[in-house]
Structure formats: structure tokens, C-alpha cells
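The values are calculated or read from the model by the stated rules, or taken from the named source; none is laboratory data. Computed from a predicted structure; not experimentally measured. FYI the Cβ positions are ideal-geometry reconstructions off the backbone, even for glycines, and counts take in every protein chain you see.
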Amino acid sequence: MGACKIIVGAILVCAIPARAEPKFPPVLAACSAFAPDGSSATAGVTSGSLSLSLKNPAGKESTLTLSLRYQPDQSPVDRPGVRWRVHDCTLFFNHSSNLLAVGITTEFPIVLKVQVAVVDLKALSWLSDFGVEQSPGPNGAVRLVGFLQDTDSIVVTEARHTNEIGSVSTLLFDPRGKQLSAEPVVRSWQEPLLPFYADATNNRLWLFQCVMVSARLSKQPSCPITVTNLVADEGFNATFDPSHYDANRTHLWMTPATFAAPDPNTILISESVGGDDTVWRVDIQKQTLDRFVLPAHHFLKYNAIHDGVLSPDRKVLALRRSQYKIAFPYIVDNYVYKGDDVVVLQVMPLRLLGIVPHRAAEFTRGLAVDHRNDKATVLVYQHDRWEHYDFSDAQP
């Protein structure tokens, strides 16, 4: 076990010791997840394979490996400057904590195919390994988005846009890779690039009607939200217009950077708007809006928010906040990347639990968060190793 120390208030930081670093770190993508029963999983994609580490609630560890179905045109190991842009991976536990699905993509961000593999956590073995490729047509992006609600059905989406419309198709598979429907459920809308989020856990598809015009920030149109069933052919019915709840346009989102859903009617989104790093909680059923602004930095800094993830009990949210600093001679747009902070928030009410500050200009990947026994635990891949950070959720 690595050394632990207090870094901010009651935050206990424990770093897992790392071996000597190679010239180019071999991990090309990293992802992690926590299960409802307290299990955890971490995965790293190397050149040609995936290594999956599992830990059950008792602390017993197991490792599985898997060969990659799809390879990039050129080895990212030979191009260390883009090694995080070639592969991507995601991990999802099912509601019963007895299955784990991993999705591996190549050619990020133009995702033409996804490899999906499922682990039987009782047998500690691979149950299936199959590929899902983009259907014929332009501008597609295929992704694994998780297990459907409290079932064992696996959801894969394909997003597509043309110059006139956008659409998303939803496919269901059983844990052994058998497609459950002959044809996907397809939704389309008139604007080609509207942001959307597929929420498999709650069986919801959320669409943000964000359209930018040639005007200053305060004069941009509002960005209403609509929602529908993810796997059934229904129309977008419920609507939330944020302008009804805050007349100041700079207090509202422009194009949400992260998305998480504590329940079928509530979402958490975040974005840096007008210099404020902001988290909003929207209840589309109660038609309520809560806004929380993260602590500000010095005016010579710029932030960008990514990767909003929820704990399995849906009570804690973790975000990755990239740090950029204006460099000499301190002119606009002369930003230098400085690293990623991890921000940890209580969901109800929105409250800051703590921030893991960046220590170097290193990319942070594989963010996951757990919450149990009055403690939030963050798991993250940074500085070429897995690290965990514990936060007390007691009131300061």
C-alpha cells in the first residue's frame, strides 16, 4: 500500500506505488467503475489488448485480459502526443453487481465501431466479446452506454448527423451478445448538432435544444431540454425551459459539457459559462432549477469541465476540471494546459465536498466515484497509475 497524507482539510489521499515509468507509458486509454455492492473495476487499453482488474467488496482482486478486435491505422505508442486520442473505454456494472460490460472504441472521436465484452463476475470469466459497427451512411458514432435500468440488457447507441438533421439509434443486446431487436429504435430532430445524452440506467434520452447565434453571450437564446424513452418509440414530450427560472442568460448553460442523471426525472449538467464553472440540477417533473458555482480561480486562468460521473447510490457527483493558464505576454487565447483537478460534489443539496488539485500538466482519465459509510471515494488514472482519494461527506 502506498503512503497516505492529508492534502485539503479532511481529504485523505492514497497513492498506489508505481513501477519505473517507461519512456512512453503503455496505457492508451483508462476507465473505471464502482458497483452498487461496493465492487470496483479498472481497465487499461494497451497496444493490442485490454487489462481488466476487479476487486470485490471483501477486497479480493482478480485480473482478466482481452485482445482488441479493432486496431488504429498507426500505433499511438509511436505518437505519444496523441496517445489519449486514439482509444477510449467505458465500464458499466449492472444493477445486481453480477455483470460488467466494457466498451472499447478506436479512432476517437470518429467512432465507427465499438468492441463490447461482458464479464460474469461470479465466475470471474468473459461471458461474451462482440463488435458493433456503424451502419451504412455518413457521420456515425457508435458507443456502449450501459445496462438498461435494472435488467441485464446492454444498450449501444449510434449517433448520426447530416447538414440538416441529427439522429440517434438504440440497439439492445443480451449479455452473450445476441441482438434483442431486429431493428434499432431511431429518433431524429431538425438541428444536426444538438447535444443529446443517452441515459441507460433510467431509460431516458435527453435532448438539449442549444442553438448559438451571432450575438454576445447575454443575447444567446435559451437552451430548453426535452426527454423521451430511450428504447421505445415515443416522441419527445416533457420540456424544461431554463429562461423561465433565471432571466440572466449568463447564469444558464450554453452547451452542457457533462451529464449525469440521479433518477428518471432529475439531471445534473455542468459547463464553464461567462467565467463561472457551474453545475445545475434540473428536475423536469417538478420544473425546478438549482445552480451551484464552483470556487473561482485567478482571473488569468481558464477552465473546461469534463466527465461528470455519479456514485452508484446517486448521491455524489465527480467532475474533471481542466486547468489552462494564460501565458506570457498574457494575451487572449494564449492558454497553456496545466493539468486536471477533480471536483467532488454532494448532489442533494448541491455542496462541494472537496477538490483534488492537479499536480502537473498530466491528462486525467478513468474517473469514477463511490459513496458509502459517510465517505466518497474517487478512483482516477493519472500520472500513469491508478490513484484513489477519500472525502468525508460530513458537514465542515
Result of the Cβ filter at 7 Å on the range 164-187, keeping first residues that are touching a residue at least 60 places away in the same chain (Cβ under 8 Å) and partners that are in a loop (DSSP other than H, G, I, E, B) and surrounded by 15 or more Cβ atoms within 10 Å (Cβ to Cβ), at least 6 apart or interchain, is Thr170/Pro184; Thr170/Leu230; Thr170/Val231; Pro175/Asp152
Those residues of the range 52-97 which are under 20 Å from Ala141 (Cα atoms), among the aliphatic types (A, V, I, L, M) and at pLDDT 95 or above amount to Leu91
Within the range 126-164, the residues that are aliphatic (A, V, I, L, M) and either over 27 Å from Val211 (Cβ atoms) or buried (at least 20 other Cβ atoms within 10 Å of the Cβ) (or both) are Leu127, Val132, Val142, Leu144, Val145, Leu148, Ile154, Val155, Val156
Selection over the range 216-237 where residues are more than 24 Å from the chain's Cα centre (by Cα) and outside any loop (DSSP other than H, G, I, E, B) yields a count of 3
Looking at the range 297-310, is at least one residue of a type outside the set (Gly, Ala, Ser), crowded, with 16+ Cβ neighbours inside 10 Å, closer than 30 Å to Phe92 by Cβ and modelled with pLDDT of 95 or more?
yes
Residue pairs qualifying under the 7 Å Cβ cut-off, at least six apart or on distinct chains, with the first in the range 326-351 being among the basic types (Lys, Arg) and the second being modelled with pLDDT under 75, are Lys338/Ala361
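Using the structure shown, decide if Ser128 is in contact (Cβ under 8 Å) with a residue 12 or more places away in the chain and under 20 Å from Ala43 (Cα atoms). If you could, list the steps in order and put the result at the bottom.
Working: in contact (Cβ under 8 Å) with a residue 12 or more places away in the chain: yes; under 20 Å from Ala43 (Cα atoms): yes.
So Ser128 passes the test.
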Filter the range 165-221 for residues that are modelled with pLDDT of 95 or more, surrounded by fewer than 19 Cβ atoms within 10 Å (Cβ to Cβ) and among the basic types (Lys, Arg); the one that is farthest from Gly137 (Cα to Cα) is Arg176
